[in-house]
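Some notes on the structure that comes next.
The values are calculated or read from the model by the stated rules, or taken from the named source; none is laboratory data. Since the model is a prediction, treat every value here as computed from it, not as a measurement. Every residue, glycine among them, receives a Cβ derived from its backbone with ideal geometry; neighbour counts consider all protein chains shown. What goes into the accessible areas is simple: the full protein's heavy atoms, side chains included, and nothing from ligands, DNA or RNA. Shrake-Rupley method; radii C 1.70, N 1.55, O 1.52, S 1.80 Å.
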Amino acid sequence: MFRSGNPALQESTFLDIGSGSVVRRDADAMTLNGTVNKTGILLLLALLTAAFAWSQTLTPDGEALPVARFYLLGGAIGGFIVAMITTFKAKWAPVTAPLYALLEGFFLGAISAIYEQRFNGIVFQAVLLTVGTLFALLFAYRSGLIKATENFKLGVVAATGGIALVYLATIVLGFFNVSVPFIHESGLIGIGFSLFVVVIAALNLVLDFDFIENGVQQGAPKYMEWYGAFGLMVTLVWLYIEFLRLLSKLQSRN
């Protein structure tokens, strides 16, 4: 029931470790509106630190400053560590989820500024595509146009795992100065790969919506609103980065 391609949203999240049954709270339970509100808070926090990192990353002439590396690595590594803590300690989400949003904001602001330096207007396009995809899939899910069936979930989870393995192999091979050919380049294969990744990232939003809705229906505890918002934030960050990568490949061909 709770399958999701998002590593932050797994089947065991809503389960009571002792009994293996879903935790129910008749009072002070997780609600859909509460999760939406907390998602908005996380996005606002990320936007604040992203704006700060953006302003500190580029000079007035549009040149990247050395501090950009600090925001990139600090935000990415710090965000990853906090994400792992949140994944294994869901009860800490009211504290760790906002911290994750702040750290990811530093990363997103720096990397967005660097992309904007090379490809003018790319950030605005990526933001519009990310927001548009979010609301389009939310509408499709709520209207029943897309249903999170078991086969649908299996397919998205399998594809997400495959993409994760490709990226992991790219990182490992990078330590040995070996690059994976084609898929990270601006050729047709590279663009096709980025399109595929964008589609899978977008479809993970459907699984996240379904996961959150199930948590609400099962009466999960109130802190799960923060956890659900955190999981959705993870997918949105991934989707935005993939849109940046795709658009940069397309503009590189012009």
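Descriptive notes on the structure:
- Per-residue ³J(HN,Hα) for the range 163-174, Karplus 6.51 cos²θ - 1.76 cosθ + 1.60, θ = phi - 60°, Hz, x for Gly and Pro: 5, 4, 5, 4, 5, 5, 4, 4, 5, 4, 5, x
- When Cα extents along the principal axes in Å is calculated for this entry, the matching label among [x] 75, 43, 35; [y] 57, 38, 36; [z] 72, 45, 42 is [y].
- Using a cutoff of 8 angstrom between alpha carbon atoms and counting only pairs six or more residues apart, the relative contact order for the chain works out to 36 percent.
- Amide H partners (placed H, <5 Å) of I146, local residues excluded: Y141
- Full-extension gain in nm, L128 to V178, via 0.36 nm per residue minus C-alpha separation: 14.6 nm
- Net charge dipole size for the chain [Lys, Arg +1 and Asp, Glu -1 on Cβ; Debye, nearest 20]: 120
- Amide H within-cut-off set for L58, under 5 Å, with H built and near neighbours excluded: L65
- The residues of the chain expose on average 51 square angstrom of accessible surface per residue, using a 1.4 Å probe on protein heavy atoms.
- Residue separation of F152 and E213 scaled by 0.36 nm, minus their Cα-Cα distance, works out to 20.3 nm of gained length.
- Each peptide among 135-148, 239-252 gets the average number of other Cβ atoms lying within 10 Å of its residues, and from highest to lowest they stand as 239-252, 135-148.
- Counting charges near I189 (Lys, Arg +1; Asp, Glu -1) among other residues having Cβ under 13 Å from its Cβ returns a value of +1.
- In Hz, Karplus ³J(HN,Hα) per residue of the range 112-129 (6.51, -1.76, 1.60; θ = phi - 60°; x = Gly, Pro): 5, 5, 5, 5, 5, 4, 8, 10, 4, x, 5, 5, 4, 5, 5, 5, 4, 5
- Farthest towards the positive end of the charge dipole of the chain, among the residues I189, T96, W54, is the Cα of I189, using unit charges on the Cβ of Lys, Arg, Asp and Glu.
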